[in-house]
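One structure below.
The values are calculated or read from the model by the stated rules, or taken from the named source; none is laboratory data. Remember, predicted model here, so these are calculated numbers, not experimental data. All Cβ positions, glycine included, derive from the backbone under ideal geometry; neighbour counts span all protein chains shown.
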Amino acid sequence: MFSLFPTRAIAFVIFGFPVHWYGLLYLAAFLLAWFLLPKLQKFRKLNYNADEWSTILSAAVLGVIVGGRLGFVFFYEPQYFLIHPLEIIQVWHGGMSSHGGFIGVTLALLFVMRKRLSELPRFMDVIVVPIGIGLALGRLGNFINQELYGTVTTLPWGIAVPGVEGLRHPTQFYEMATDLLTALLCYWHLRTSPKHPGETCALFLILYSIFRFSIEFLRVQDYSGIQLGTLMLTRGQILTIPLFLAGLFLLIWARKKSA
């Protein structure tokens with residue numbers, strides 16, 4: 001009827017239904033966003049009520065899950081899922097893309113905010129703080145599942161991964177640290193720079209892109225890289241470039257808009 005910690009990835013099983021740590025961490029991220037957003041909105045002079053935030057977060061949840069899954073399908077395993085299309089909906093088997101999640105949540109928020117597009121820059125400034133924390137919780141899930149670990153290292157904080165030779169860079173913790181740092185810097189900017197709506201979101205995109213691009217050099221790659229000129233880049237690095245460019249564009253736009 002009830003089983004606690006049956007495997008590393010599963011927190012508990014109740015009535016035969018497994019509850020994964022990754023799912024619990026997703027839930028924690030959205031509950032945290034639901035708690036923080038009404039408090040953060042004052043820094044951009046927004047005044048959404050509880051029902052409005054519930055609608056927005058419901059759309060964001062759907063966007064993250066659908067976008068994250070479809071991003072993994074199209075960015076990493078298109079040939080496999082072309083042969084096994086029914087497995088696309090089996091998200092409990094793993095396989096999510098953070099870049100796909102970015103696309104999904106952006107489209108979902110554009111839809112739900114379609115009648116308030118003028119508020120979108122201020123709104124995006126507010127939500128990047130819980131997004132950063134949510135990304136960090138996602139990397140904790142990667143560590144629990146012992147996935148997305150790094151290359152071999154002799155550093156004293158190297159981690160042992162079952163079934164894998166040598167100590168490895170704990171890239172999950174590297175990304176957790178940089179995601180939390182990004183969230184902290186965005187929170188500081190949100191509080192201290194009210195004159196340029198959109199700048200905090202731009203800061204988030206730029207910082208996330210730089211940190212993610214850098215850490216990719218230390219991560220074990222399950223998929224072949226992509227040749228870009230004389231450089232061989234990972235798929236994660238390629239997908240991060242548009243985010244960085246979007247951050248630069250948004251930064252320039254916000255400065256000109258407020259000039």
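Residue count for the range 11-44 under the criterion of being touching a helix residue (DSSP H, G or I) at 6+ places or on another chain (Cβ under 7 Å) and either in contact (Cβ under 8 Å) with a residue 40 or more places away in the chain or within 18 Å of residue 91 (Cβ to Cβ) (or both): the result is 16. Among the conditions (1) closer than 22 Å to residue 120 by Cα; (2) in contact (Cβ under 8 Å) with a residue 40 or more places away in the chain, residue 100 misses just one, which is (2). Which one is surrounded by the fewest Cβ atoms within 10 Å (Cβ to Cβ) among residues in the range 157-192 that are farther than 28 Å from residue 254 by Cα and polar (S, T, N, Q)? In this case the residue turns out to be 171.
Yes or no, residue by residue, for (1) modelled with pLDDT under 90; (2) part of a helix (DSSP H, G or I):
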| site | (1), (2) |
| --- | --- |
| 7 | yes, no |
| 11 | yes, no |
| 19 | yes, no |
| 23 | yes, yes |
| 29 | no, yes |
| 35 | no, yes |
| 48 | no, no |
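Being under 27 Å from residue 188 (Cα atoms) and out of contact with any helix residue (DSSP H, G or I) (no Cβ under 8 Å at 6 or more places or on another chain) is the filter here, so list the residues in the range 202-232 that pass it. Residue satisfying the conditions is 214 alone.
If only residues of the range 205-236 that are within 24 Å of residue 153 (Cβ to Cβ) and in a strand (DSSP E or B) are counted, the one that is farthest from the chain's Cα centre (by Cα) is 231.
Look at the range 66-80 and say how many of its residues are within 15 Å of residue 111 (Cβ to Cβ) and surrounded by fewer than 21 Cβ atoms within 10 Å (Cβ to Cβ). Total satisfying the criteria: 1. Checking each residue in the range 91-131 for being under 25 Å from residue 252 (Cβ atoms) and not in a helix (DSSP H, G or I) picks out 113, 114, 116.
Taken together, 152, 91, 161 contain a single residue that is closer than 23 Å to residue 222 by Cβ and either basic (Lys, Arg) or touching a strand residue (DSSP E or B) at 6+ places or on another chain (Cβ under 6 Å) (or both), which is 161. For the range 1-22, filtering for residues that are of a type outside the set (A, V, I, L, M, F, W, C) and buried (at least 16 other Cβ atoms within 10 Å of the Cβ) leaves 2. When the residues of the range 147-162 are filtered to those that are assigned to a loop (DSSP other than H, G, I, E, B), closer than 20 Å to residue 22 by Cα and at pLDDT 90 or above, the one that is farthest from the chain's Cα centre (by Cα) is 162.
Filtered by the rule that a residue be of a type outside the set (Ser, Thr, Tyr), in a helix (DSSP H, G or I), out of contact with any Cys (no Cβ under 7 Å at 6 or more places or on another chain) and in contact (Cβ under 8 Å) with a residue 12 or more places away in the chain, the range 185-203 gives 185, 186, 189, 190, 191, 199, 201, 202.
The set of residues from the range 132-146 being at pLDDT 95 or above and β-branched (Val, Ile, Thr) comprises just one member, 133.
Consider residue 239 carefully, then state whether it is among the aliphatic types (A, V, I, L, M), part of a helix (DSSP H, G or I) and either surrounded by 21 or more Cβ atoms within 10 Å (Cβ to Cβ) or without any contact (Cβ under 8 Å) to a residue 24 or more places away in the chain (or both). In short, yes.
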